[in-house]
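The values are calculated or read from the model by the stated rules, or taken from the named source; none is laboratory data. All values derive from a computational prediction rather than experimental measurement. Virtual Cβ from ideal backbone geometry, glycine too; neighbours counted across all protein chains shown. Note: areas computed on protein heavy atoms with side chains; ligands, DNA, RNA excluded. Shrake-Rupley method; radii C 1.70, N 1.55, O 1.52, S 1.80 Å.
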Amino acid sequence: MNNNDDIKKILDEPPVPKELSPESVKNRLDSIEADKKRKSIHMGSALKWCSGIAACAVLLSTGSFIANKIQTSNYSSSVIKGNYTTAAVNYRQVYKYMKKYMDNMNDLKNADIVLESAEEAGIADGFEGGEIITGSETTGAGRDDAENTSDVYKVYDQENGVLEGDIVQTDGTHIYSSAVEDSNLCIHIAETDGSGFTDSSTVSLFEYLPQTVNYGNICSMYLKNGRLIITADTNEFQKDDDKYFSRTHVLIFEAGDELKLLGDYSQDGCYSDIRLMGDGTLYIISSYNWTSLYEDGGDYEKCIPAYYTGERKCVISPDGILLPESDTLNSCEREFGASFTNIGSLNVFSDSPNTPIDFKSLAGFTGQLYCSQNNIYLAGNCWTADGSSTDFTRISIENGKIIPAASTNAAGYIKDQFSMSEYNGFFRASVSRSKVISKNYSVSNDNAVYVFDMDLNKVGEISGFGENETVQSASFQGNMAYVVTFRKTDPLYAIDLSDPYSPVILDEYKITGYSSYMQQWNENLLLGFGRDADEEGNELGLKLVMFDNSDPDNLKECGVKTLHAKDAARFNASYEYEDNWIYSSASYDRKALMISPSKNLIAFPFSCSYSSGFALYSYYDGSFMQKSIIYTNSDALRAVYINNTLFIVGNREMVSVDIETMTENDRVYF
């Protein structure tokens with residue numbers, strides 16, 4: 001997998017005329033804008049890439065990015081016209097990028113040492129790096145999901161066919177839960193007969209991880225085709241080099257009463273996110289900081305991102321590293337230039353599930369991720385002297401191949417994956433925008449929804465709503481977008497995107513508090529979870545709200561329920577409360593919510609003074625009804641069901657509850 005010859009051919013082509021250079025274009029635009037007394041567009045450097053990879057743009061067949069200029073009325077949008085190399089020709093080009101970053105970090109001495117050491121060792125120009133082995137056949141090994149006839153809860157997937165993992169999984173006979181015990185990464189396994197527990201065990205992952213692992217965290221799991229796929233974020237120490245480093249591990253097991261390891265894959269960097277396709281292709285995204293390795297002149301090779309099959313290390317080849325071609329770093333690059341975003345892919349259903357299909361590294365990038373069936377979108381938020389902006393990068397994915405396709409920069413910042421959506425050939429994004437007012441350095445805020453084509457040219461937008469508020473949640477439903485903003489009240493906006501070139505706000509509905517997450521309950525109802533608040537914006541408790549969005553021109557609230565600390569506390573009859581504090585991990589981790597319209601059941605974890613557990617609700621005829629509160633003796637993590645039994649999973653225990661009667665069946669401790 002080496003496209004160096006193609007890249008060299010591109011580099012030999014005639015240069016861009018001076019009049020069309022980024023500097024000339026910038027000067028011309030500045031003069032025009034000054035004459036017209038308009039707001040200026042912040043140009044940055046020749047390649048403006050917040051969080052590092054920003055404004056690279058369309059990946060053409062020639063192997064170069066084209067970035068297209070986009071302008072919004074009062075907010076700096078994007079980007080600069082110009083051609084940019086998509087891949088490093090050799091490692092020397094990568095080291096020059098690193099040297100440029102370290103120079104800007106006032107570390108010129110160490111930078112020179114590393115570059116000189118690389119040249120003397122012949123690494124900068126000659127070392128070829130590891131090779132990607134292009135896949136193996138899928139066997140469908142293990143027990144297929146179709147064999148399991150139980151009605152089991154599965155975490156909600158934002159896009160059909162794009163599976164999202166979680167820290168608890170069940171196949172109807174076993175419940176697998178991640179845990180950390182005395183710094184030991186563990187999997188708790190409970191066997192169940194459908195109502196109670198028949199056996200339990202704990203498996204330490206340290207026996208399957210390399211001895212360099214110091215500590216870590218289990219980030220996500222899948223249970224599919226009889227395989228348990230575990231992703232762990234680890235901090236590791238290399239004694240020989242006296243260096244700490246981070247790795248993201250993927251362990252593939254044959255599931256059952258005992259776990260049998262089928263393969264171990266890992267890649268440099270801290271865990272960022274993961275997605276599984278129906279055919280078994282797994283995409284792993286990690287953020288890799290190379291600066292601690294760069295400081296020692298002998299560690300030049302270790303700065304280059306690598307992946308591992310078992311403990312066999314494969315350094316990425318130069319053409320797998322995407323770099324900007326600017327001579328100077330803009331403020332975003334100075335902030336995030338120390339990071340590489342690594343994206344690896346493998347087929348976890350194959351006979352060789354730890355064999356990578358592809359591996360790419362995007363220099364200087366970190367951010368949010370949204371994934372459709374055909375594309376991964378990375379969104380890197382950045383603050384500059386002008387205000388906030390986001391770099392959007394589209395990466396085409398097909399059969400495990402990772403191909404950067406388009407990139408742009410737009411004003412505003414993304415809250416999470418649900419602020420992005422791909423639909424009918426368009427990419428949509430909901431952002432909060434902040435602009436610095438130069439006269440007094442105050443900040444003005446509003447919100448926008450942008451529509452881009454597949455080349456990430458902005459073709460439409462609706463902006464200016466929710467002034468001095470920020471986006472708390474968004475839900476894209478086909479041609480509609482529902483956006484919640486908040487400062488003191490909770491406006492819900494219904495935005496019609498049926499004409500992508502001219503989005504329209506159809507309605508705005510205000511209530512107190514805000515929803516941090518929204519999910520369609522049925523074709524006419526939109527469920528929100530968040531926090532209640534008074535008219536001044538003071539938070540009061542955890543809130544469920546149901547909106548009638550059957551007519552987007554006339555949004556209605558049809559049910560609100562608030563859980564206050566005094567009502568949730570286990571010992572509320574004997575305890576004097578000084579405040580109304582109550583917390584839920586679902587406020588920032590939507591997977592902690594269990595939302596099941598088929599069971600008419602909504603569950604979320606909570607903790608308040610001396611109490612933790614799950615609150616359970618149903619929705620009938622415009623009202624939320626509290627079914628029960630199930631208390632746990634350890635932090636409540638998740639709720640899942642198997643047929644008519646609900647299982648509450650804590651860090652050190654599991655509780656089974658009859659869904660109809662809400663009576664406890666059984667409890668097991670680990």
Practice task
Consider ASN184 carefully, then state whether it is open to solvent by 30 Å² or more (accessible area, probe 1.4 Å), of a type outside the set (Phe, Trp, Tyr), without any contact (Cβ under 8 Å) to a residue 40 or more places away in the chain and touching a helix residue (DSSP H, G or I) at 6+ places or on another chain (Cβ under 7 Å).
Solution key: yes
Exercise for the section: Might you check whether a residue that is over 24 Å from VAL162 (Cβ atoms) and modelled with pLDDT of 85 or more occurs anywhere in segment 278-286? Expected result: no
Handout entry: TYR300 being aromatic (Phe, Trp, Tyr) and either open to solvent by less than 10 Å² (accessible area, probe 1.4 Å) or at pLDDT 90 or above (or both)
Key = no
Exercise for the section: Would you check which residues across segment 465-475 are assigned to a strand (DSSP E or B) and either open to solvent by less than 30 Å² (accessible area, probe 1.4 Å) or aliphatic (A, V, I, L, M) (or both) and list them? Expected result: PHE465, VAL471, SER473, ALA474, SER475
Practice task
Quick one: LYS591 ticks every box in (1) open to solvent by 10 Å² or more (accessible area, probe 1.4 Å); (2) in a strand (DSSP E or B); (3) of a type in the set (Lys, Arg) except a single one, so which number is it?
Solution key: (2)
Problem - Count - residues of segment 366-396 that are closer than 23 Å to ASP157 by Cβ and part of a loop (DSSP other than H, G, I, E, B) - result: 4
Practice task
For THR390, work out the one condition from (1) touching a residue at least 60 places away in the same chain (Cβ under 8 Å); (2) touching a strand residue (DSSP E or B) at 6+ places or on another chain (Cβ under 6 Å); (3) open to solvent by 10 Å² or more (accessible area, probe 1.4 Å) it doesn't fulfil.
Solution key: (3)
Exercise for the section: For segment 147-179, name all the residues that are of a type in the set (Ser, Thr, Tyr), open to solvent by 20 Å² or more (accessible area, probe 1.4 Å) and either more than 25 Å from the chain's Cα centre (by Cα) or within 19 Å of MET654 (Cβ to Cβ) (or both). Expected result: THR149, SER150, TYR153, THR173
Handout entry: Entirely in segment 599-659, the strands (runs of 3 or more DSSP E) that have 3 or more residues that are closer than 21 Å to SER587 by Cα
Key = 601-608, 611-620, 623-631, 636-642, 645-650
Handout entry: Checklist (1) closer than 30 Å to GLY364 by Cα; (2) outside any strand (DSSP E or B) applied to ASP279, failing item
Key = (1)
Handout entry: So THR212, is it modelled with pLDDT under 95 and in contact with a Phe, Trp or Tyr (Cβ under 7 Å, 6 or more places away or on another chain)
Key = yes
